[in-house]
Amino acid sequence: MKTKNEALSELFFENESKFNFDDTVTKLSEEIVKRSWNVSFVHDLQQTLHKHGQEVLPIKVFAICHPKHSGKILDKDDERIVSSLMPCRVSVYMKSDGKTYISRMNASFISNNVGGLIGEVMSGSASDVENILAEITK
């Protein structure tokens, strides 16, 4: 049986950022636009939780997409089942060690297990997201 950390490392990637939290958010936003992706929304979970009396370290979740990927899946009735994973999510957060991290789903793991058009699109999308993050992560 896998440990929790082993299971999580199969499903998610986490890398330390080269920058502090605010600079990471700025640089991520710039890289997304530079690579012709779109930011659908940025969820400020620290702010949301603060409104409900819960204090947490800074965390923002970017919902990003690229029509060349999403359109292939959303155009097909049988493929729309994975729309709950869309758009792609990239999370920027600070941990108690004071460092900033970036996490995202391991779309390649899912694509290898699903195959077909969904696997192809998720694999291409995952590759693009890794390229976006290459200049930001250690």
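The numbers here are math on the coordinates, done by the rules we state, and not lab data. The structure presented is a predicted model; accordingly, all values stated were derived computationally and were not measured. Using ideal geometry, Cβ is built from the backbone for each residue, glycine included, and neighbour counts are taken over all protein chains shown.
Once the piece of chain linking SER40 and ASP22 is laid out straight, how much longer is it, given 0.36 nm per residue of separation minus the C-alpha distance between them?
Details: separation 18, 0.36 × 18 = 6.48 nm, distance 1.91 nm.
Stretched fully, the SER40-ASP22 segment lengthens by 4.6 nm.
Summing Lys, Arg as +1 and Asp, Glu as -1, what charge do residues with Cβ under 11 Å from the Cβ of LYS18 carry, LYS18 excluded? Please list the in-between numbers first.
Numbers: positive: LYS27, LYS99, LYS138; negative: GLU16, ASP23, GLU135.
Result for the local shell: 0.
Select from segment 31-91 those GluC sites (Glu not before Pro) which occupy a DSSP coil region and have at most 11 other Cβ atoms within 10 Å, ordered by residue number. Intermediate results must be reported in sequence, preceding the final value.
Numbers: sites: GLU31, GLU55, GLU79; in loops: GLU55.
Taking segment 31-91 and a limit of 11 other Cβ atoms within 10 Å, the loop GluC sites (Glu not before Pro) found are GLU55.
What is the spin-label model distance, in nm, from THR3 to LYS99 if the labels are put 7 Å beyond Cα along the C-beta direction?
Rounded to a tenth, the inter-label distance reads 1.7 nm.
So, counting K/R as plus one and D/E as minus one, what does the shell of residues with Cβ under 11 Å around ILE64 add up to? Each step should come with its number before you reach the end.
Details: positive: ARG35, ARG89, ARG104; negative: GLU31, ASP128.
Net charge in that neighbourhood comes out at +1.
Restrict the search to segment 38-119; then list the trypsin sites (Lys or Arg not before Pro) that DSSP places in a loop and that have at most 15 other Cβ atoms within 10 Å of their Cβ.
Values: sites: LYS51, LYS60, LYS68, LYS72, LYS76, ARG80, ARG89, LYS95, LYS99, ARG104; in loops: LYS51, LYS76, LYS95, LYS99.
In loop regions of segment 38-119 (DSSP not H, G, I, E or B), the sparsely surrounded trypsin sites (Lys or Arg not before Pro) are LYS51, LYS76, LYS95, LYS99.
Among the lysines, which fall within straight-line cross-link reach of LYS95, defined as a Cα-Cα distance under 26 Å, with same-chain neighbours fewer than 8 residues apart omitted?
LYS2, LYS4, LYS18, LYS27, LYS51, LYS60, LYS138
Can you list which of the GluC sites (Glu not before Pro) found in segment 89-138 are DSSP loop residues with at most 13 other C-beta atoms within 10 Å? It would help to have the intermediate numbers written out before the result.
Details: sites: GLU120, GLU130, GLU135; in loops: GLU135.
Listed in order of number, the matching sites are GLU135.
What is the Cα radius of gyration of segment 9-138 over 2.2 N^0.38 Å, N being its residue count? List each step's numbers first, then the result.
Working: Rg = 15.2 Å, N = 130, 2.2 N^0.38 = 14.0 Å.
Relative to the 2.2 N^0.38 Å estimate, segment 9-138 comes out at 1.09.
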